[in-house]
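Quick one: the structure is below, and I'll ask about it shortly.
Taken together, the values in this text are just the output of simple stated rules run on the coordinates, not laboratory data. None of these values were measured; they are calculated from a predicted model.
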Amino acid sequence: MAEFENKYPENANGKFYVDDQCIDCDLCRETAPNNFTRSDDGHYSYVKAQPTNEEQEALCVEVMDLCAVEAIGNDGTDG
């Protein structure tokens, strides 16, 4: 399970985040490209933008559920 205290600082403010368990598999970036991107330094993804509609929200939930190492979290807040 993703841990809020281990989230990457690049994550956009909001409920979804990626923590330091990310193995850079590209699943989130391919599935929800509007919301996830790769670090310039590589080796991990982070949330570049929080979802702004129901479709993006659903994709973020989907990748959170599919993440092999459970590096994507939802802290339940909206801001």
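Using a/c under 1.5 as the rounded threshold, could you call the chain rounded, prolate or oblate? The axes a ≥ b ≥ c are square roots of the C-alpha gyration tensor eigenvalues, and prolate needs a/b larger than b/c, oblate otherwise. Each step should come with its number before you reach the end.
Numbers: a/c = 1.33, a/b = 1.18, b/c = 1.13.
Note, shape of the chain comes out rounded.
Let me ask something additional. Using Cα pairs closer than 8 Å and at least 6 residues apart in sequence, work out the relative contact order for segment 6-74, in percent. It would help to have the intermediate numbers written out before the result.
Details: 120 pairs, mean separation 26.5, N = 69.
Relative CO of segment 6-74 lands at 38 percent.
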